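*Asks:* Got a structure for you, written out below as structure tokens; questions coming shortly.
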Amino acid sequence: ARAHPGAGPARLGIVAPNTKRLALARRAAEKGRAWQGRSDVWLRPTPLLGGPADRLAFVFPGLEGEFTPPRTDDIAAHFGLPAPQDTRAETGVGARAGSRVEDIGRHGLDVVGVGRLLDRALRAMGVVPDAVAGHSVGEWTAMAAAGIYSPGQVDGFMAEFDPGALAVPGLAFAAIGTSAAQVEAVLADAWAGSGIVLSHDNAPRQSMVCGPDSAVEDLVRSFRAQGVICQVLPFRSGFHTPMLEPYLAPIQEAADRFRLHPPAVPVWSGTT
């Protein structure tokens, strides 16, 4: 209800606090300068919302290669919220192990479930966004957080959805350190008929492709021979490509029956 009398206008985060890190945080705070994460300490000498024009956005993640399902049961218990559905038990994976990236359906359910839990926990603390956005599957989380989909319908879909329905075999993604236009030109010429498609236009000098494993590896070698930085990524999803379309029927059916509501806050879309 009120701030601690010694509270100041700063933000501090410490991973696994110990004597050394606490001492480092105190020194950084005394100097009033930002500390950017070295030794797992982060300090900003300014409040999150420091002025009347400041706005807050929640940005929900997509599918990341390094994703390990966070331990969120304590958060759910503290706020009296339902814990995200544990899809790991269905695969026999240990409770502390991460989702396999190629197990795309379960990975997606985990990411959406954790995002919705953190959204609810922040709101319970009075931290309410002025806008929401998301990358890839995170855009679905953002739409749910904004109220476009009712919580009950989302809960029902996640409980009924068979994550194995999104098993897309034999595909690989690669990040290419050049423009989407250049990649499209190459695919239309020397790599026509290879089954590779442009999947992401990330930045003026980074795009992504998706296609059959061996073809993508050959394309990466070809670009590297021209001095272009490339990397095959640990994803097997086919997301954002025509190759996913044959597997989307359960999601399409759910989207068709969901009732849409006006969003409580603006939703910024990756398509615009």
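The values are calculated or read from the model by the stated rules, or taken from the named source; none is laboratory data. From a predicted model like this one, the values you see are computed outputs, not experimental measurements. Here Cβ is always computed from backbone atoms with ideal geometry, including for glycine, and neighbour counts include all displayed protein chains. Protein only, heavy atoms only, side chains kept; ligands, DNA and RNA dropped before computing areas. Shrake-Rupley method; radii C 1.70, N 1.55, O 1.52, S 1.80 Å.
*Asks:* Give the accessible surface of the chain per residue, rounded to a whole number of Å², with probe radius 1.4 Å and ligands, DNA and RNA excluded.
*Replies:* With all protein chains present, the chain gives 58 Å² per residue.
*Asks:* Peptides 155-168, 205-218: what's the order by average Cβ count within 10 Å, highest mean first?
*Replies:* Highest mean packing first, the order is 205-218, 155-168.
*Asks:* Quick check: the distance between the Cα centres of the range 141-183 and the range 103-120, to the nearest angstrom?
*Replies:* 10
*Asks:* Over the alpha carbons of the range 126-272, what is the largest minus smallest coordinate on each principal axis, giving the biggest first in Å?
*Replies:* Largest first, the range 126-272 extends 52, 33, 23 Å along its Cα principal axes.
*Asks:* Quick one: pull the percent of accessible area on the chain belonging to carbon and sulfur, 1.4 Å probe, ligands and nucleic acids left out.
*Replies:* Carbon plus sulfur share of accessible area: 56 percent.
*Asks:* Pick out which of TRP35, TRP140, TRP191 has the largest mean-square fluctuation in a Gaussian network model of the chain, springs linking Cα atoms closer than 10 Å.
*Replies:* Answer for the Gaussian network model of the chain: TRP35.
*Asks:* Would you mind computing, in nm to one decimal, how far apart the modelled labels at ASP218 and ASP54 are, each placed 7 Å from Cα along Cα→Cβ?
*Replies:* With each label point 7 Å from Cα toward Cβ, the separation is 5.5 nm.
*Asks:* Another question, if that's okay. All other residues with a Cβ under 14 Å from the Cβ of GLN153 taken together, and with Lys, Arg as +1 and Asp, Glu as -1, what is their net charge?
*Replies:* Summing Lys/Arg as +1 and Asp/Glu as -1 gives -1.
*Asks:* Beyond 15 Å, what share of the Cα-Cα pairs of the range 173-243 is found? Please give it as a whole percent.
*Replies:* 45
*Asks:* Once the Cα atoms of helix 104-124 and of the chain are each reduced to a long axis, what angle between those two axes, in degrees from 0 to 90 to the nearest 10, is obtained?
*Replies:* That works out to roughly 20 degrees.
*Asks:* Can you list residues from other chains, or at least 5 along the same chain, whose modelled amide H is less than 5 Å from the amide H of GLY270?
*Replies:* For GLY270, whose amide H was placed from the backbone, the distant partners under 5 Å are GLY134.
*Asks:* I'd like to compare 264-270, 116-122: which one has the highest average count of other Cβ atoms within 10 Å, and what's the full order after that?
*Replies:* 116-122, 264-270
*Asks:* Write down the Å³ per residue value for the convex hull defined by the alpha carbon atoms of the chain.
*Replies:* 191
*Asks:* Turning to a different aspect of this structure: Would you mind counting up the charge near LEU48? Only other residues with Cβ under 11 Å from its Cβ, with Lys and Arg at +1 and Asp and Glu at -1.
*Replies:* Computed value for this residue: +2.
*Asks:* Counting each DSSP H run of 4 or more residues in the chain as -39500 (n - 2.57), what helix-only mean residue ellipticity at 222 nm follows after dividing by all residues, to the nearest 500 deg cm²/dmol?
*Replies:* Helices in the chain give a 222 nm mean residue ellipticity of -10500 deg cm²/dmol.
*Asks:* Given a cut-off of under 8 Å on Cα pairs at least six residues apart, what relative contact order in percent is computed for the range 139-212?
*Replies:* Worked out over the range 139-212, it gives 30 percent.
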